[in-house]
Each structure stands twice: as structure tokens, then as C-alpha cells.
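Worksheet for the structure shown next.
The values are calculated or read from the model by the stated rules, or taken from the named source; none is laboratory data. Remember, it's a predicted structure, so these values are computed and weren't measured experimentally. No Cβ is skipped: glycine too gets one built from the backbone with ideal geometry, and neighbour counts run over all protein chains shown. Ligands, DNA and RNA are stripped out before the accessible areas are found, and what is left, the full protein with its side chains, is counted by its heavy atoms. Shrake-Rupley method; radii C 1.70, N 1.55, O 1.52, S 1.80 Å.
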Amino acid sequence: MNQVFVELLQDNAEHASQFQSRFDDVQDSQRPDVVTVCCSDSRVLQDRMWENDQPGRIFTCGNIGNRVVQRTDAGDVVSGDVLYPVEHTETDTIVVVGHTGCGAVTATYDDLTGGISEPAGIEHCLELLKPYLEDGVDALPSDVSRTEAINRLVEYNVDRQVEFLEESDDVPQHVDVVGVVYDFQDVYGDRRGEVHVINVGGETDVETLRDEHPAIDSRIDRLWEY
């Protein structure tokens, strides 16, 4: 047996010993307060970034590129894993969580600017991102560094995912949609693991957001006003 998996089982035994009673209220149903859509990057700690250890509080979705879009024969729709808690568990807040140095955004940028070769499954995911990043790539300044370009496009991608949710008829108007970036590369400051709010309900102007949301004004920031 692979030793890594053995260690995971050992860690799970400790988890189970601590969580025995925490499932009492959610064994038969769930009513999560929020659904988060995170990149599946191993450095993005989907529950720990919020210090969440309460089962039933956060409905977590993960995929490469923190996409909310699912492609169907009828066109692009809100992904079912994102929509499920909104539709069935009365969840009324969606948070799209991008992160600095995103590999999916990097690969999409490389594909749009030069073309790359990936296995079919990865290529499919990049094809879902490309339409939402093309205009952002075109808008990048000619003198921007590669690292800065990627992190600007991380914000651009979050904005486009929020926009898709805001414009979808499947997401009720009362649902709050927020876009954030999780920073572990000292891009926004020196507090690794901090979440920075860049978009609330489609509004991206930093000063407007700070005026409208004073309770979180110190956490509102962005790299790129395009």
C-alpha cells in the first residue's frame, strides 16, 4: 500500500476522533451558508482559508480555473455543482475564489498567445476558460511582465465568472455573488493566505466597493483596472 495513502488514513483517524459529534445536526440534510468555487490547486485550502471546521457550513466546489461554466448542447450554463446548493439548499451567497499564479490561467494565456498541447481532458477545461480570457489577454499592456500578466488575468477571470453568474437566469437576484483572490505569493501584500475582495455583484471599482462595504474595506483591493 502506498505510504502516502497510509498516512492519509492515519490523519483521517485523528479527524474522525475530533469530529464525532459535529455531524449531529447535518447527518440528514444540509443548509450551507455559502457555496465557494475554488481552483483545485493543492495550495488553495478551500475550508482552511476561512478557518472552517464546521460540517454543513460551506458547500465547496473545485476545478482548474475556478470555473462556474458548464458546456451543454444548449450552450454555456452555470455548472451544476455551483447551482445545486442555490437551487436545493437555500444557499444565497456564491464566492468565486481565484488565486495568485493560477496554473489554469497560465495555461490558457499560453494557449491564446502561442498554442500548447495538453491531454484531451485538460484541453477541454482550457477551452471553457479561453472565451472568458481572450479579451483580457488582448487588453494587457505590451510591457507587462509574464508574472504580472498572469495575476492580472486571474482577476479578469474571476470577474468574468462573477459576470456569468450575475447574468444567468438560473441564479436568483437575491443571491449575493462575490469574487476574491487568495494570495500565497506576496502579490497583494505580505500576509500569505489572505483573501482579497475584488468584485461584489459585478462592481469592480475599488473606491466604490470600499464606500459601499465599509465592514470589509481593508480587504478590498485589486491589481488591474482595465
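Worth pointing out:
- Taking every DSSP bridge with both residues inside the chain, close to 40 percent are antiparallel.
- Protein heavy-atom surface of the chain, 1.4 angstrom probe: 44% of the accessible area is carbon and sulfur, with nucleic acids and ligands not counted.
- Helix 146-167 axis, angle to the chain major axis (alpha carbon atoms, nearest 10°): 70 degrees
- Using the 1.4 Å probe convention, the accessible area of the chain works out to 55 Å² per residue with neighbouring protein chains retained.
- The stretch 150-199: chymotrypsin sites (Phe, Trp or Tyr not before Pro) in DSSP coil with no more than 13 other Cβ atoms inside 10 Å: none
- Against the chain, whose longest principal axis comes from its Cα atoms, helix 103-113 is set at around 20 degrees.
- Solvent-accessible surface (1.4 Å probe) assigned to Arg48 amounts to roughly 150 Å².
- In the chain, excluding the sites themselves, the longest stretch lacking any of the GluC sites (Glu not before Pro) that are in a DSSP loop with at most 16 other Cβ atoms within 10 Å is 91-224.
- Separation of the stretch 71-148 from the stretch 193-212 is 20 Å, based on Cα centroids.
- Against the chain, whose longest principal axis comes from its Cα atoms, helix 3-19 is set at around 60 degrees.
- Among (i) 50, 46, 32; (ii) 56, 48, 45; (iii) 44, 44, 32, the entry that matches Cα extents along the principal axes in Å as calculated here: (ii)
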